[in-house]
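Okay, so here's the structure we're looking at.
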Amino acid sequence: MEIVVCVKPVPDAETRLRSSPDGTTLDIEAVKFVLAGYDESAVEQALLLKESIPGSKVRVVSVGPPPRTEEVLRASLALGCDLATWVETAPGVAPDPVSTARALARGVATLPYDLVLCGKQAGDDEAGVVGGALGELLSVPDFSAVLDLRWDPATSRLRFQRSTEAGVEKWEAPLPCVVALQQAWNDPRTAKLPAILKSRKMTIGKVPPEPAPASSGSTRSTKFELPPARTGAKLIDYKTPEEAAQKLVKLLKEEAKVFP
Amino acid sequence: MTGITLVVGELHDGNLSDATREVVGVALQLSGKEGVVGFLAGTSARSPAAGFGRLGVARSIVVDDVRLDGAVSAVVAHLVVQAADSVGADLVLVGGTTFGRDLVARLGVRWNAAVATEATALTRTGTTLEVRRPIFGGRATETRRMEGGHAAVALRPHAFPPASESPVPATLTPLSIAGVPEAFWAPKRLSVEVAPRGAGPTLGDASIVVSGGRGVRSAENFPLVEELAASLGAAVGASRAVTDAGWRPASYQVGQTGKAVSPQLYVAVGISGAIQHLVGMVSSRVIVAINSDASAPIFKVADYGIVGDLFQIVPALTNEIKRARGL
């Protein structure tokens, strides 16, 4: 199976968020970027599929500026991806989920693919748009919120579950398609030192930037706001558990007004 | 900009869903009664589509076909673009469910729309539409300006009041599935395992969430958390420690690698508050923490805290809540 996995560099979860000087976006100065959580799961899923289907290859694609884009591609190579493609962005272009998908699609189009995998959303913009937009760009179906993805060689179909508001849905789908994973492995594989060293020497294919079609809509961040810092909990004074319970219920009713 | 908004509806138990009613409310505010058109696609969609009329939306487009049961988002997007263009809409609004997010992602390409998900506020000034939305797991908020001739926005459920009943005579215009490419019908939804009735609300959808953590100590103790949740009519969640230990399945997990929730009330029981958990719940409106360790980081983000033995506090709290609610 020819698998392409799309990955995104996002600020590490422990990053202290600050607004840029003009107040329109996140200040990325001194921010440490890492592979987005669900994308890391997608890499793990891609490698598990590769291991179970002989002759498979996993190619990783990312879009964005240096150095963070190259870093997540090399991190994916170190985990076991076979080849990396970097779709470069023009300097100063602010990212938008659909334009990201357009750029990724140009990268994917240079590669053979049966299955395109990505995380269901990234922990920075939380948009969850790239999978669906990629499906439309590649003219194939896409599936979001996917769990328990398997390949059934007897029927040549993917079998998987989707976790939606309706409940847990069971699906089967032929290739090619795009799958946006919700699956979380709490302990995905980690790269070994020799693989990390090898990944540093591997060649990364590059796809040059290209402006979006003139007719396409886009979005631009005009304001970035942080909530007022939480001041810490009002701790309830009590002598017995019953007293604590009564005081809390009273506060939820009368002060917070969230008692059902 | 035409100022016409197409509201893409969703069904729940054979009626327009709560999320759809919220979307109608927003659409009416932005475009006025004359400027809103309803859209509903599904098996037996005709009769629930009349629900748009009860909310004050006179015109609706309906695709009623048995093949739409379990159709992929590619099919829905195909139909929505036809409907939007037929009424000259420049904005498509939909509830921020899995269905809605999948749809707007497709419209970003198929309809060349500016796209936003998880919108918690929309403002139209002249021809400019701006969308406010939480980012970084609710740790920050951004405002995005939608640029170009079309926009498609998925609204965060519970973020807007539903449209009130204001019946008008409704006209339904049928739309056919004939033009949908055959390849889009190949994937098959084999089954839907519906969450059992009476099992309480689902995590993503609940206005109250009660979660248990490592402090609960064992799977056998977890019903303590579930009984507290039941007394509040809340969904049950868990920290990663609980799902890693197998006390409850992974679907319970709230946090960076689980679900992100933002209910009105979040009760953390025996959860210390590692950053991986906090990013999944910190945007909750009111947070209550019950933990034996006064220095636990959860107390820094909580509004109300009880420092103490959860095995004593939680049963007392469940009893008090039942008493206060007359249960």
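The values are calculated or read from the model by the stated rules, or taken from the named source; none is laboratory data. Remember, it's a predicted structure, so these values are computed and weren't measured experimentally. Ideal geometry is used to build each Cβ from the backbone, glycine not excepted, and the neighbour counts take in all protein chains shown.
Scanning the stretch A:102-128 for residues that are among the charged types (D, E, K, R) and modelled with pLDDT under 95, we see that the one that is surrounded by the most Cβ atoms within 10 Å (Cβ to Cβ) is A:125.
Just wondering, is there one or more residues in the stretch B:68-83 that are in a strand (DSSP E or B) and either hydrophobic (A, V, I, L, M, F, W, C) or closer than 23 Å to residue A:10 by Cβ (or both)? If you could, list the steps in order and put the result at the bottom.
Applying the first criterion (in a strand (DSSP E or B)) to the stretch B:68-83 yields none.
No, there is no match, as no residue in the stretch B:68-83 is in a strand (DSSP E or B) and either hydrophobic (A, V, I, L, M, F, W, C) or closer than 23 Å to residue A:10 by Cβ (or both).
Listed by position, the helices (runs of 4 or more DSSP H) contained in the stretch B:217-291 that have at least 1 residues being polar (S, T, N, Q), on the phi < 0 side of the Ramachandran plot and touching a residue at least 60 places away in the same chain (Cβ under 8 Å) are B:223-232. Just to be sure, is residue B:157 closer than 21 Å to residue B:285 by Cα, assigned to a strand (DSSP E or B), within 19 Å of the chain's Cα centre (by Cα) and at pLDDT below 95? It is false that residue B:157 is closer than 21 Å to residue B:285 by Cα, assigned to a strand (DSSP E or B), within 19 Å of the chain's Cα centre (by Cα) and at pLDDT below 95. Quick one: would you say residue B:18 is out of contact with any Cys (no Cβ under 6 Å at 6 or more places or on another chain) and at positive phi? Against the criterion (out of contact with any Cys (no Cβ under 6 Å at 6 or more places or on another chain) and at positive phi), residue B:18 does not qualify. Of all residues in the stretch B:254-277, those being facing chain A (nearest Cβ under 8 Å) and at pLDDT below 90 number 6.
Can you name the residue in the stretch B:216-235 that is within 15 Å of residue B:270 (Cα to Cα) and in contact with a Lys or Arg (Cβ under 8 Å, 6 or more places away or on another chain) and is also surrounded by the most Cβ atoms within 10 Å (Cβ to Cβ) among such residues? The extreme case among them is B:222. Going by the structure shown, is residue B:101 under 26 Å from residue A:224 (Cβ atoms), among the charged types (D, E, K, R) and surrounded by 19 or more Cβ atoms within 10 Å (Cβ to Cβ)? When the stated conditions are applied, residue B:101 passes them.
Determine whether the stretch A:40-57 contains at least one residue that is more than 15 Å from the chain's Cα centre (by Cα), under 20 Å from residue A:142 (Cα atoms) and crowded, with 24+ Cβ neighbours inside 10 Å. Within the stretch A:40-57, not a single residue is more than 15 Å from the chain's Cα centre (by Cα), under 20 Å from residue A:142 (Cα atoms) and crowded, with 24+ Cβ neighbours inside 10 Å.
Does residue A:94 satisfy the condition of being surrounded by fewer than 24 Cβ atoms within 10 Å (Cβ to Cβ), closer than 19 Å to residue A:69 by Cα and in contact with a Leu (Cβ under 6 Å, 6 or more places away or on another chain)? In short, no.
Condition check: assigned to a helix (DSSP H, G or I) and either farther than 26 Å from residue A:100 by Cβ or more than 8 Å from every other protein chain (Cβ to nearest Cβ) (or both). Does residue A:170 satisfy that? Spell out how you get there, then give the answer.
Values: assigned to a helix (DSSP H, G or I): no; either farther than 26 Å from residue A:100 by Cβ or more than 8 Å from every other protein chain (Cβ to nearest Cβ) (or both): yes.
Against the criterion (assigned to a helix (DSSP H, G or I) and either farther than 26 Å from residue A:100 by Cβ or more than 8 Å from every other protein chain (Cβ to nearest Cβ) (or both)), residue A:170 does not qualify.
Of all residues in the stretch A:12-34, none are closer than 28 Å to residue A:157 by Cα and part of a strand (DSSP E or B).
Run down A:72, A:61, A:31 and say which single residue is modelled with pLDDT under 95, under 17 Å from residue A:95 (Cβ atoms) and in the same structural domain as residue A:130 (by TED's automatic domain parsing). If you could, list the steps in order and put the result at the bottom.
Values: A:72 fails: modelled with pLDDT under 95; A:61 fails: modelled with pLDDT under 95.
Every option except A:31 fails the conditions.
Please return the ranges of strands (runs of 3 or more DSSP E) entirely within the stretch A:79-160 where 2 or more residues are farther than 30 Å from residue A:197 by Cβ. Because the criterion is at least 2 residues that are farther than 30 Å from residue A:197 by Cβ, the strands (runs of 3 or more DSSP E) in the stretch A:79-160 that meet it are A:142-152.
Annotation for the stretch B:40-57: at least one member residue is surrounded by 23 or more Cβ atoms within 10 Å (Cβ to Cβ), in contact with a helix residue (DSSP H, G or I) (Cβ under 7 Å, 6 or more places away or on another chain) and closer than 13 Å to residue B:99 by Cβ. Residue check: is residue B:205 of a type in the set (Asp, Glu), within 14 Å of chain A (Cβ to nearest Cβ) and under 22 Å from residue B:290 (Cα atoms)? Judged against the criteria, residue B:205 is not a match.
Answer yes if at least one residue in the stretch A:92-102 is touching a Cys at 6+ places or on another chain (Cβ under 6 Å) and closer than 18 Å to residue A:181 by Cβ, and no otherwise. Show your work before the answer.
Filtering the stretch A:92-102 down to residues touching a Cys at 6+ places or on another chain (Cβ under 6 Å) leaves none.
No, the stretch A:92-102 contains no residue that is touching a Cys at 6+ places or on another chain (Cβ under 6 Å) and closer than 18 Å to residue A:181 by Cβ.
How many residues, within the stretch A:202-243, are part of a strand (DSSP E or B) and either facing chain B (nearest Cβ under 7 Å) or out of contact with any Leu (no Cβ under 8 Å at 6 or more places or on another chain) (or both)? So that I can check it myself, show each step before the final result.
Filtering the stretch A:202-243 for residues part of a strand (DSSP E or B) gives A:204-207, A:218-225, A:234-235.
Then drop every residue that is not either facing chain B (nearest Cβ under 7 Å) or out of contact with any Leu (no Cβ under 8 Å at 6 or more places or on another chain) (or both), which leaves A:206-207, A:218-225, A:234-235.
Summing the residues that are part of a strand (DSSP E or B) and either facing chain B (nearest Cβ under 7 Å) or out of contact with any Leu (no Cβ under 8 Å at 6 or more places or on another chain) (or both) in the stretch A:202-243 gives 12.
Among the residues of the stretch B:112-163, count how many are at negative phi, more than 10 Å from chain A (Cβ to nearest Cβ), out of contact with any helix residue (DSSP H, G or I) (no Cβ under 8 Å at 6 or more places or on another chain) and not β-branched (Val, Ile, Thr). Within the stretch B:112-163, residues that are at negative phi, more than 10 Å from chain A (Cβ to nearest Cβ), out of contact with any helix residue (DSSP H, G or I) (no Cβ under 8 Å at 6 or more places or on another chain) and not β-branched (Val, Ile, Thr) number 3.
Residue selection: residue B:87 fails the criterion of being in the same structural domain as residue B:12 (by TED's automatic domain parsing) and surrounded by 21 or more Cβ atoms within 10 Å (Cβ to Cβ). In summary, residue B:322 fulfils each of the numbered conditions (1) in a helix (DSSP H, G or I); (2) facing chain A (nearest Cβ under 7 Å) with the single exception of condition (2).
I need the full set of residues from the stretch B:84-111 which are among the small types (Gly, Ala, Ser), in a helix (DSSP H, G or I) and more than 11 Å from every other protein chain (Cβ to nearest Cβ), in order please.
Initial filter on the stretch B:84-111 (among the small types (Gly, Ala, Ser)): B:84, B:86, B:88-89, B:95-96, B:100, B:105, B:108.
After this cut, where a residue has to be in a helix (DSSP H, G or I) as well, the list is B:84, B:86, B:100, B:105, B:108.
If the condition is that a residue be among the small types (Gly, Ala, Ser), in a helix (DSSP H, G or I) and more than 11 Å from every other protein chain (Cβ to nearest Cβ), then B:84, B:86 are the ones that fit.
Taking the conditions (1) out of contact with any Lys or Arg (no Cβ under 8 Å at 6 or more places or on another chain); (2) more than 8 Å from chain A (Cβ to nearest Cβ); (3) at pLDDT 90 or above in turn, residue B:185 satisfies each one other than (1).
Note on the stretch B:78-99: residues that are out of contact with any Pro (no Cβ under 9 Å at 6 or more places or on another chain) and not aliphatic (A, V, I, L, M) amount to 7.
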